[in-house]
1. Can you count the Lys pairs in segment 1-81 with C-alpha separation below 23 Å, eight or more apart or on different chains?
2. Let me know the charge dipole size of the chain about its Cα centre in debye, to the nearest 20, where only the beta-carbon of Lys, Arg (+1) and Asp, Glu (-1) is charged.
3. For the chain, what relative contact order do you get, as a whole percent, if you take Cα pairs closer than 8 Å and at least 6 residues apart?
4. For the residue pair Thr232 and Asp69, what label-to-label distance in nm results when each label sits 7 Å from Cα along the Cα-to-beta-carbon direction?
5. From the phi angles alone, apply the Karplus equation (6.51, -1.76, 1.60; θ = phi - 60°) to segment 39-53 and give each ³J(HN,Hα) in whole Hz, x where the residue is Gly or Pro.
6. Pop a pseudo-label 7 angstrom from the Cα along the beta-carbon direction at both Ser24 and Lys125 and give the gap in nm to one decimal.
7. Any chance you could count the Lys pairs in segment 92-233 whose alpha carbons are under 28 Å apart, treating pairs 8 or more apart or on different chains as valid?
Amino acid sequence: MTTAKYQRIVLKLSGEALSGDQGSGIDPKIIHSIARQVKEVAELGVEVAIVVGGGNIWRGKVGSEMGMDRASADYMGMLATVMNSLALQDGLEMIGIPTRVQTSIEMRQVAEPYIRRKAIRHLEKNRVVIFAAGTGNPYFSTDTTAALRAAEIEAEVILMAKNNVDGVYSADPLVNKDAVKYDNLSYLDMINEGLGVMDSTASSLCMDNNIPLIVFSITENGNIKRVVQGETIGTTIRGK
């Protein structure tokens with residue numbers, strides 16, 4: 001068995017990644033594909049925590065632009081992440097991976113409340129932990145949640161899985177054919193060049209806590225395992 005480079009990771013999934021070609025909603029085939037890839041990683045002995053967005057169901061920012069109160073719109077977005085988390089939990093447990101969903105907003109009939117020490121204990125017992133409902137506060141993205149939880153549980157790396165690009169580019173490669181892909185970046189370069197990989201709050205948290213970020217494509221099966229084993233794919237972003 002090939003050894004893993006990392007022993008504890010945070011996998012950041014966008015909500016859109018769960019919708020597949022549908023563009024919105026949850027595609028069961030995508031859930032099962034991601035679950036199988038996570039299983040490959042868990043079987044290496046890697047402790048896996050997951051943060052998933054809710055953009056396939058609802059975006060708080062869009063609701064705000066439509067005239068809604070921003071806080072209310074963001075809380076709706078947090079609920080969307082819970083729906084995605086439960087779908088992912090079901091997909092993982094269907095293939096034999098014990099999984100716990102912890103939410104920043106208490107809903108005990110649905111999932112556990114987020115407790116840092118309990119989350120770490122689950123990881124130590126080889127359970128996948130899915131952090132839902134963002135930070136529990138409006139105005140913060142799930143990117144910030146991933147950075148915050150990674151710092152709290154002392155994860156070694158954040159893996160940001162994308163469904164439409166295979167790394168970080170100088171411009172949108174879907175629009176600009178001359179866009180250049182970066183193999184390595186610093187957080188300061190990413191912020192200064194406005195590359196839009198993460199919001200500035202999340203970037204600052206990662207930079208301040210020296211948490212590396214690897215951006216890669218999830219559409220190719222096995223990519224999560226390749227990254228965990230140290231294969232160079234996508235773009236690696238570090239503090240310096």
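Values in this text are rule-based calculations from the coordinates and carry no lab data. Because the structure is a prediction, the values reported are computed rather than measured. Heads up, the Cβs are rebuilt from the backbone with ideal geometry, glycines too, and the neighbour counts pull from every protein chain shown.
1. 5
2. For the chain, the charge dipole is close to 640 debye.
3. Relative contact order here is 22 percent.
4. Roughly 5.2 nm, to one decimal.
5. 4, 4, 6, 4, 6, 7, x, 7, 7, 10, 10, 10, 10, 10, x
6. About 3.9 nm separates the two model spin labels.
7. The result is 6.
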